Amino acid sequence: CPTPADLHSVNGTRVCALLYEDNSPYYDQCCAGDVLVVEPGSDVPYMPHGWSGTISSLVVGTRCELNVWSRKGKKGYTRRFSS
């Protein structure tokens, strides 16, 4: 997995979080599969099509916080992740 300080897009802009589809009990095989990129200031009340219930690992960048909810539309239980 990348370190929180290394989260940048291909053009060098800052990325706040990377959400990965695949995970593994072996650390060197984590953070694999499709990646959902979370840009700074994003406010997404609904997961993109095909992503609901599929994220298995994530990395949150420095100076960023990722808030997630257990139900769509920002309902249910909430949890915060940071670097």
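The values are calculated or read from the model by the stated rules, or taken from the named source; none is laboratory data. All values reported here derive from a predicted model rather than from experimental measurement. Here the Cβ is made from the backbone with ideal geometry for all residues, glycine too, and neighbour counts use every protein chain on show. Please note that ligands, DNA and RNA were not included when accessible areas were found on the heavy atoms of the full protein model with its side chains. Shrake-Rupley method; radii C 1.70, N 1.55, O 1.52, S 1.80 Å.
Determine, yes or no, whether SER70 is small (Gly, Ala, Ser), free of Cβ contacts under 8 Å to residues at least 60 places away in the same chain and open to solvent by 70 Å² or more (accessible area, probe 1.4 Å). Considered against the rule, which asks whether it is small (Gly, Ala, Ser), free of Cβ contacts under 8 Å to residues at least 60 places away in the same chain and open to solvent by 70 Å² or more (accessible area, probe 1.4 Å), SER70 comes out as yes. When segment 9-36 is filtered for residues that are touching a strand residue (DSSP E or B) at 6+ places or on another chain (Cβ under 6 Å), hydrophobic (A, V, I, L, M, F, W, C) and more than 19 Å from ARG80 (Cβ to Cβ), the ones remaining, listed by number, are CYS30, CYS31, ALA32, VAL35. Residue pairs whose Cβ atoms lie under 9 Å apart, sitting 6 or more positions apart in sequence or on different chains, and linking a residue in segment 41-55 that is over 17 Å from TYR20 (Cβ atoms) to a partner that is among the small types (Gly, Ala, Ser) and open to solvent by 60 Å² or more (accessible area, probe 1.4 Å), are TYR46/SER52.
Number of residues in segment 19-53 that are open to solvent by less than 60 Å² (accessible area, probe 1.4 Å) and either more than 25 Å from LYS75 (Cβ to Cβ) or touching an Asp or Glu at 6+ places or on another chain (Cβ under 6 Å) (or both) equals 5. Within segment 1-18, the set of residues being out of contact with any Lys or Arg (no Cβ under 8 Å at 6 or more places or on another chain), surrounded by fewer than 14 Cβ atoms within 10 Å (Cβ to Cβ) and part of a strand (DSSP E or B) comprises just one member, ARG14.
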